[in-house]
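Quick notes on the structure that follows.
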Amino acid sequence: MAFYYKEVSRTFSEYLLVPNLTRKDCIPSKVNLKTPIAKFRKDEQPPIEINIPFVSAIMQSVSDDNLAIALSKCGGLSFIFGSQPIEEQAEMVSRVKNFKAGFVVSNANLSPDQTLKDVVELKSKLGHATIAITEDGTLNTKLVGIVTSRDYRMSRDSLDRKIKEFMTPFSKLIVSSIHTSLKEANDIIWEHKLNCLPIIDDQQHLVYFVFRKDYEDHKENPLQLLDSEKRYMVGAGINTRDYKDRVPALVKAGVDVLCVDSSDGFSEWQAETIKYIKEEYKDTVKIGGGNVVDKEGFMYFVEAGADFVKVGIGGGSICITRETKGIGRGQASAVIEVAQARDDYFKETGIYIPICSDGGVVHDYHTVLALAMGADFIMMGRYFARFDESPAPKTKLGNNYVKEYWGEGSKRARNWERYDLGEGSNLKFEEGVDSYVPYAGKLKDNIDVTLSKIKSTMCSCGAISIKELQRVARITIVSSTSIVEGGAHDVILKENNY
Ligand code: RVP
């Protein structure tokens with residue numbers, strides 16, 4: 001006879017946190033959200049920690065190098081999507097690792113024989129006020145000047161005026177060499193009252209600009225996630241088919257952590273993949289696996305040698321696995337059971353294996369619930385797809401801007417490896433949809449708001465760290481009637497609320 005769970009399968013919206021006493025020293029500015037993402041022993045420092053408990057989903061519409069840089073700047077980590085050719089994924093990883101905070105590669109470049117009209121057009125297309133003028137308008141030739149809005153007057157200058165007549169020529173520019181550090185560049189900017197400093201190589205090619213505003217920006221990111229060489233940290237997704245080729249390329253590109261990406265990860269293929277990587281690279285490569293929804297799945301990964309385990313089947317906003325295959329489990333129930341298994345294993349062995357709650361976060365408070373229920377960190381797709389930095393196209397739907405967001409199990413992504421049951425390279429049916437999500441602006445602005453909410457909730461629960469929250473949280477199930485009570489009710493809402 002089949003096994004029947006005694007408990008109902010539940011999701012985050014069915015729970016609430018009950019406040020504890022808030023001590024006077026328990027204030028949002030004291031909350032520390034640092035959290036481990038790879039296995040460690042009791043009394044040892046975790047080998048990798050992230051500064052905020054958020055990672056971005058292994059999805060084409062979410063995690064490319066651009067989003068990875070933006071998220072790492074804020075203290076989180078992206079897992080660059082694996083459903084792309086090996087070289088392209090490795091190239092994305094390497095772009096994150098080689099990104100120099102504060103150093104910007106100029107994409108607004110013209111030649112001296114072009115005109116003010118070209119300047120105006122480029123400025124309105126890209127939104128940049130500083131344009132590099134090079135011999136042939138590309139970065140492959142010498143820098144011969146720059147143009148900023150101080151160099152021309154729209155009210156007087158004719159649009160066909162040649163750039164060479166009004167640019168600030170190279171001879172009058174203050175420039176610096178590629179060996180300049182960000183701190184030195186900033187000192188030069190201040191000393192000479194510049195808005196930007198061109199950084200050139202020994203052939204006078206423009207390598208970067210350093211802008212005054214970017215330095216300030218850099219200082220505003222105290223939580224940025226850096227490796228020991230002060231490079232941004234980044235993760236990447238892999239599959240159970242081409243890992244023998246993909247992993248070496250990603251490692252060479254400098255990836256910090258890997259994750260085997262699968263909708264249902266409780267499989268011999270995943271164990272084989274993780275064991276192979278651990279044998280090849282020992283502990284120099286950190287690798288997580290998933291997804292699982294119960295203790296058995298978690299323990300299977302533990303035995304395979306996983307550094308972290310990802311939890312969740314069917315809860316993703318674009319995921320229809322539960323509808324198509326009838327498998328899965330409410331995200332809250334899955335996290336609660338796996339967290340218990342992790343704690344039991346830690347008690348028995350002194351080895352702590354972090355768990356990641358993946359998918360199904362709809363409201364910001366769901367993230368605090370996931371943490372309180374035992375997740376060490378949280379993977380989100382829909383949340384990040386909405387931002388400027390995600391690779392998803394932005395478009396207008398009716399009167400509103402939206403971003404496209406498609407599942408890895410959709411026809412659009414064609415990521416058959418994620419759903420592979422050992423039988424070949426095609427997607428027989430879809431497990432994900434193609435959709436829109438409301439456009440929400442810059443990643444940092446949104447993360448700041450979400451983090452403020454999390455910290456505030458944690459203070460109400462009397463906790464200033466994730467571990468403390470997990471120890472002291474009191475969680476209650478809510479009835480469907482009390483869920484109604486939790487929103488605005490029995491009032492006539494004015495327009496533009498929320
Ligand atoms: P969400 O944050 O709710 O949008 O969920 C994102 C998660 O959904 C991903 O991290 C992944 O586990 C899962 N996913 C991605 N594609 C699909 C699918 O097509 N079914 N599901």
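Bear in mind that the values in this text are calculations on the coordinates, not laboratory data. No experiment lies behind these values; they were computed from the predicted model shown. All Cβ positions, glycine included, derive from the backbone under ideal geometry; neighbour counts span all protein chains shown.
What to note about this one:
- Between the residues 152, 173, 195, the greatest Cα displacement towards the positive end of the dipole of the range 151-210, with unit charges on the Cβ of Lys, Arg, Asp and Glu, is found for 152.
- Inter-part distance where the range 125-167 and the range 1-48 are each reduced to a Cα centre, Å: 54 Å
- Size of charge dipole - the chain - debye, nearest 20, with Cβ of Lys, Arg +1 and Asp, Glu -1, no other charges: 1240 debye
- Part-to-part distance (alpha-carbon centres) for the range 285-339 and the range 452-487, which is given in Å: 23 Å
- Ordering of 441-447, 46-52 by packing is 46-52, 441-447, highest average first (other Cβ atoms within 10 Å, averaged per residue).
- Local electrostatic count at residue 413 - Lys and Arg +1, Asp and Glu -1, tallied over other residues with Cβ under 11 Å: -1
- Shape of the range 334-435, Cα gyration tensor, a/c cut at 1.5: oblate
- Pairs from the table (295/411; 310/453; 39/347; 42/467) lying more than 21 angstrom apart at Cα are 295/411; 310/453.
- Among residues other than residue 229 with Cβ under 13 Å from its Cβ, the summed charge is +2 (Lys and Arg +1, Asp and Glu -1).
- Shape category assigned to the range 109-219 from the gyration tensor of Cα positions, a/c cut at 1.5: prolate
- Expected 222 nm ellipticity per residue - DSSP helices of 4 or more, -39500 (n - 2.57), all of the chain, to 500: -9500 deg cm²/dmol
- Net +/- balance of residues flanking residue 21 in space, Cβ distance below 15 Å, scoring K and R +1, D and E -1: +2
- Shape class of the chain from the Cα gyration tensor (axes a ≥ b ≥ c, square roots of the eigenvalues): prolate, since a/c reaches 1.5 or more and a/b is larger than b/c.
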